[in-house]
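Dumping the structure here so I can ask a few things about it.
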Amino acid sequence: MIKFSIITCTYNAADTLQRTLDSVRQQSYAYVEHIIQDGCSTDDTLQLAKAYQQQCLDTDDAPDVGIASEPDKGLYDAMNRAMTQATGDYVLFLNAGDTFPSADTLETVAASVGEDETLPAVLYGDTDIVDADGHFVRHRRLSPPDKLSWKSFKKGMLVCHQAFYARADLAKATPYDNAHYRFSADVDWCIRIMRRAENEKLSLRRVQAVVANYLDGGMTNQNHRASLIERFRVMRHHYGLFPTLAWHVWFILRQMVL
């Protein structure tokens, strides 16, 4: 049975964290660890995390919970720190406020692996957007294709970061480039993971289900302009200047039509 390492990076997230903790604890799949990487919160984030850790210790088949609280250089640095602690076969990131759509989500994802001797490099699925109360807002506008490759992100980030389950050995060997990207290192990371998979002739497997509920209004949305500029830089780096310009013209036209 494969094991999932769920990573939640926090900083003063007491208002939204509990919903994420409850969602992980309610998963019916047994082979799970939950790594909470905190950036020295000054609110009740750590108290909530420690109470959750104790609840899991007192409950059979609950996730193994690890907590670290230390200064970091931003979200992506925290993600890199947490990845080094992961012991699972796959890593996935749930920010505070993000949740699994149902109690059997991880069972569904695990079942998609099949009986192959070599684990797929990436398991990926659909995403729903939820509001601050956890209520459904809409399906994510960009939806993942059945056939995904590193070139697919020319059309935008077709797979939400929270719905991108990366094989842990590949993820650890491909840390987030937090030195160059403050808001869009996740886009770059996903592309580099998929490029590595292609080089190593590893598959990317679609899960025919919604595998993550994403909290609307995250860091990227709050820094929309800077994020768009960074995404352009990421795409230019991987796909070249002129293809990136052409796709951005198409993005603008698409937005005008919508």
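The values are calculated or read from the model by the stated rules, or taken from the named source; none is laboratory data. Keep in mind that what you see is a predicted model, and the values were worked out from it rather than measured. All Cβ positions, glycine included, derive from the backbone under ideal geometry; neighbour counts span all protein chains shown. Just so you know, the surface numbers come from the protein's heavy atoms only, side chains and all, with ligands and any DNA or RNA stripped out. Shrake-Rupley method; radii C 1.70, N 1.55, O 1.52, S 1.80 Å.
Kindly indicate which of Asp188, Asp169 is under 30 Å from Asp72 (Cα atoms), outside any loop (DSSP other than H, G, I, E, B) and open to solvent by 50 Å² or more (accessible area, probe 1.4 Å). Spell out how you get there, then give the answer.
Values: Asp188 fails: open to solvent by 50 Å² or more (accessible area, probe 1.4 Å).
Criteria check complete, one pass: Asp169.
For residues that are farther than 12 Å from Ala82 by Cα, within 22 Å of the chain's Cα centre (by Cα) and in contact (Cβ under 8 Å) with a residue 24 or more places away in the chain, tally how many sit in segment 34-64. Walk me through how you get there before you give the answer.
From segment 34-64, those farther than 12 Å from Ala82 by Cα are 40-64; that's our starting set.
With within 22 Å of the chain's Cα centre (by Cα) added as a condition, the list becomes 40-41, 45-46, 48-49, 52-53, 62-64.
Still in the running and in contact (Cβ under 8 Å) with a residue 24 or more places away in the chain: 40-41, 45, 48-49, 52, 62-64.
Residues meeting the conditions: 9.
Filter segment 191-210 for residues that are open to solvent by 60 Å² or more (accessible area, probe 1.4 Å) and in contact (Cβ under 8 Å) with a residue 12 or more places away in the chain; which is farthest from the chain's Cα centre (by Cα)?
The initial filter retains those residues of segment 191-210 that are open to solvent by 60 Å² or more (accessible area, probe 1.4 Å), namely 192, 195-196, 198-201, 208.
Now narrow it down to the ones that are in contact (Cβ under 8 Å) with a residue 12 or more places away in the chain: 192, 195-196, 198, 200, 208.
Working: Arg192: 14, Arg195: 18, Arg196: 18, Glu198: 20, Glu200: 22, Gln208: 17 Å.
So the residue we want is Glu200.
Only one of these is open to solvent by 50 Å² or more (accessible area, probe 1.4 Å), touching a residue at least 12 places away in the same chain (Cβ under 8 Å) and of a type outside the set (Phe, Trp, Tyr): Asp77, Asp89. Name it.
Of the residues listed, the single one that is open to solvent by 50 Å² or more (accessible area, probe 1.4 Å), touching a residue at least 12 places away in the same chain (Cβ under 8 Å) and of a type outside the set (Phe, Trp, Tyr) is Asp89.
Tell me, please, whether a residue that is among the hydrophobic types (A, V, I, L, M, F, W, C), more than 25 Å from Asp133 (Cβ to Cβ), part of a strand (DSSP E or B) and open to solvent by 40 Å² or more (accessible area, probe 1.4 Å) can be found in segment 66-73. It would help to see each step written out before you state the result.
First, pick out the residues of segment 66-73 that are among the hydrophobic types (A, V, I, L, M, F, W, C): 67-68.
Still in the list and also more than 25 Å from Asp133 (Cβ to Cβ): 67-68.
So of that shortlist, the ones also part of a strand (DSSP E or B) come out as 67-68.
Okay, now just the ones that are also open to solvent by 40 Å² or more (accessible area, probe 1.4 Å), so 67.
Scanning segment 66-73 turns up at least one residue that is among the hydrophobic types (A, V, I, L, M, F, W, C), more than 25 Å from Asp133 (Cβ to Cβ), part of a strand (DSSP E or B) and open to solvent by 40 Å² or more (accessible area, probe 1.4 Å).
Go through Gln55, Gln18 for me and flag whichever is open to solvent by 60 Å² or more (accessible area, probe 1.4 Å), among the polar types (S, T, N, Q), closer than 17 Å to Ala103 by Cα and not in a strand (DSSP E or B).
Numbers: Gln55 fails: closer than 17 Å to Ala103 by Cα.
Of Gln55, Gln18, the one residue that is open to solvent by 60 Å² or more (accessible area, probe 1.4 Å), among the polar types (S, T, N, Q), closer than 17 Å to Ala103 by Cα and not in a strand (DSSP E or B) is Gln18.
Further question on the same structure: Is one or more of the residues making up segment 29-46 on the phi > 0 side of the Ramachandran plot and either in a loop (DSSP other than H, G, I, E, B) or among the basic types (Lys, Arg) (or both)?
Our first condition is that a residue be on the phi > 0 side of the Ramachandran plot; within segment 29-46, this holds for 40.
Going one step further and asking which of them are either in a loop (DSSP other than H, G, I, E, B) or among the basic types (Lys, Arg) (or both), we end up with 40.
Within segment 29-46, one or more residues are on the phi > 0 side of the Ramachandran plot and either in a loop (DSSP other than H, G, I, E, B) or among the basic types (Lys, Arg) (or both).
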